[in-house]
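The values are calculated or read from the model by the stated rules, or taken from the named source; none is laboratory data. The shown structure was predicted, so the numbers you read here are calculated from the model rather than taken from an experiment. Cβ placement follows ideal geometry from the backbone for every residue including glycine, while neighbour counts extend to all protein chains displayed. These area figures cover heavy atoms from the full protein model, side chains too; ligands, DNA and RNA do not enter into them. Shrake-Rupley method; radii C 1.70, N 1.55, O 1.52, S 1.80 Å.
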Amino acid sequence: MTRPRRILITSALPYINGIKHLGNLAGSMLPADVYARVMRLQGHDVTYICATDEHGTPAELAAQAMQIPVQQYCDEQYAIQRRAGEGFNLSFDWFGRSSRPANHALTQHFAQALEARGLIEERTSKQVYSVDDGRFLPDRYVEGTCPHCGFEKARGDQCDNCGRLLDPVDLIAPYSSVSGGKDIEIRDTNHLYLLQEKSQDAIRQWVNTKGANWPSLAVSIANKWLDEGLIARAITRDLSWGVKVLDVDGAVRPGYEDKVFYVWFDAPIGYIAATQEWAEATGGDWEALWRTDKGADDTEYVQFMGKDNVAFHTVSFPVSLLGSGEPWKTVDKLKAFNWVTWYGGKFSTSNKRGVFMDQALELLPADYWRWYLIANSPEGSDAAFTWEGFQAAVNSDLANVLGNFVNRITKYAASKFDGKVPETGEPGEAEAWMVADLTERLPRLLGYYEDMEFRKAAAETRAIWAAGNEYLTKAEPWVKYKNDVDAAAVGVRAGLNLAALFGILALPVIPETGEKILDALGIPEENRTLKFGESTDYAALLDALPRGHAITPPDVLFQKIEDEQVAAWTEQFSGNDQP
């Protein structure tokens, strides 16, 4: 058994502009949820925090296009995203918003602390101004030709072709991606800069120390930025929507009346602010999670994110935390994911290509999607979603392996043993084989979860389910019943106990299904745990249910996906341009 730990889990904040697609879900929130569920089932003290990332130009422009105030737009989108998360059974302890007062106050606090320590300074810079739009354009809303590779649709912050980070003033033939206007001027504007280069050595040492617990993907991205050399980055923007830039006396900083903090400065701080909101609402202790002078050294902090967020979480955010000179907790384990692609291409809202979270739930229950996305996690490389792969995973893993096992053993117990756990018979060779299999596989499964290797965990879970089916083939209770009811009773009793175990193993990934199985078997909440260790009596797992205990066969757990459905969905979600 493991000693209870205090664990803080955060997943990258989803941006506010619209419902997320399955790739967004698979690369952050869903694996964080699975990990949180596993840790809770092991008896650990888990706090899982997420929030919407609401500031920045995209929200402003989306609200402008809808002709509504940006606050109203964000309010509506927050409600939509919250419902989608609830629909997928994401077990957030708190789902906050970066636009709430707690994050505004904390962002302003960090900026003032960093400036007091010489890590923020005001600089005059040249920025793209669109005469047609009547505004300065943030980096990503300037497009043009990349000066390095000649790609003609490079954004002002990065070229998607060669991957180089860019300054919009360096683009060749720049234009506004908002209006398409080419009447572009380069004007002087003042901004606050975070002097990241001053923290180069400290961040390198921090990455070398903490990176020992990160996957190679996260470490390599962090080291790439460090090897290229950290540079000063502007942390304010010429926008109206966001965290205001205040002086220490609480007044707007002179010259910054029409400026706010850059979203990538305030968004990660939102993890702390959302935890403060959680504490205020629940009576929890946020300082024990975030302040090392208040006990956070005893907290394990685990982050989940897609690879595009790694640089900000392994460089920029640590610069703010460490640079403040205050005792803030920094991440211990950072799990980064590659992309889930749509048949190798990109999901696209505008082209109606790919399945988004709300659409997915209209087609099938959440567990179908959760299983497929975890079993095909984009860990070592990008993972392509295909309808064919999805169909195979649901029909084979869920319907044939898990669903078939649970349904046939519970129905047989109902028909031959009055819906009760049989009381007679002694275990034999088949049971010994099953115990040996569990003794090997269960610790390995928990090890995969501990290491956040989700593909391997799903594969091991399926292998345990499959072993249960093989056990029934060996035990043959329906054959033995004809001549030796006691021998059949052993197989049914072990099978029902395996069904209970399989329901518990299902809880992290497919929680609705796990609950259905365990409810049908009458397993109380206090017995729904994943506490296995060196002292575990694995043989006792096959005789854990009280003999004579009543069970009820659950309804069919999974409906198979038919070829006709796949054909219809392929046509519906392939988009205006075929991937």
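For the reader, a short list of remarks on this structure follows.
- With every protein chain in place, the chain: carbon and sulfur % of accessible area (1.4 Å): 48
- Scanning the chain for cysteines with no neighbouring cysteine C-beta under 4.7 angstrom from their C-beta gives C50, C74.
- The chain: relative contact order in percent, alpha carbon pairs under 8 Å with at least 6 residues between: 17
- Shape category assigned to segment 210-365 from the gyration tensor of Cα positions, a/c cut at 1.5: rounded
- Antiparallel content of DSSP bridges confined to the chain, in %, to 5: 55
- Positive-end extreme of charge dipole, the chain - chosen from A432, G323, G345 (charges on Cβ): A432
- Of the whole protein surface, Y481 contributes about 70 Å² of accessible area at a 1.4 Å probe radius.
- Counting DSSP beta bridges with both ends in segment 277-407, the antiparallel % (nearest 5): 25
- Prolate/oblate/rounded call for segment 117-174, Cα gyration tensor, a/c under 1.5 rounded: oblate
- Net +/- balance of residues flanking L442 in space, Cβ distance below 13 Å, scoring K and R +1, D and E -1: -3
- Ordering of 487-495, 407-415 by burial proxy (mean other Cβ atoms within 10 Å per residue, highest first): 487-495, 407-415
- Net charge dipole, the chain: roughly 420 debye, given to the nearest 20, about the Cα centre with Cβ charges of +1 for Lys and Arg and -1 for Asp and Glu.
- Across segment 291-336, the mean sequence separation of Cα contacts (distance under 8 Å, 6 or more residues apart), normalised by length, yields a relative contact order of 61 percent.
- Heavy-atom accessible area ranking, 1.4 Å probe, most first, across R353, R117, R82: R117, R82, R353
- Surface per residue (accessible, 1.4 Å probe) for the chain, Å²: 41
- Listed values [x] 1.22; [y] 1.16; [z] 1.09, entry calculated as Cα Rg over 2.2 N^0.38 Å: [z]
- Shape call, segment 14-123: gyration tensor on alpha carbons, a/c limit 1.5: oblate
- Gain on full extension, evaluated as 0.36 nm per residue between Q67 and R3 minus their Cα-Cα distance, stands at 17.6 nm.
- For the peptides 388-401, 44-57, 558-571, 524-537, residues were scored by their other Cβ atoms within 10 Å and the scores averaged per peptide; the highest-first order is 44-57, 388-401, 558-571, 524-537.
- Span-like helix ranges in the chain, DSSP H, alpha carbon extent 27 angstrom or more, Kyte mean at least 0.0: 263-282, 485-506
- The relative contact order of segment 149-212, computed from alpha carbon pairs under 8 Å that lie at least 6 residues apart in sequence, is 15 percent.
- Pairs exceeding 22 Å between alpha-carbon atoms, taken from K456/K531; K531/K560; K244/K335; K198/K224; K420/K482: K531/K560; K244/K335.
- If only the Cβ of Lys and Arg carry +1 and only the Cβ of Asp and Glu carry -1, the dipole of segment 386-483 around its Cα centre is close to 400 debye.
- Near R547: Cβ cut-off under 14 Å, other residues only, Lys/Arg at +1 and Asp/Glu at -1. The net charge is -3.
- Where only C-alpha atoms are counted, convex hull volume of segment 310-407 per residue in Å³: 169
- Residue (of Y368, W387, M305) at the positive-pole extreme of segment 287-400, dipole from beta-carbon charges: W387
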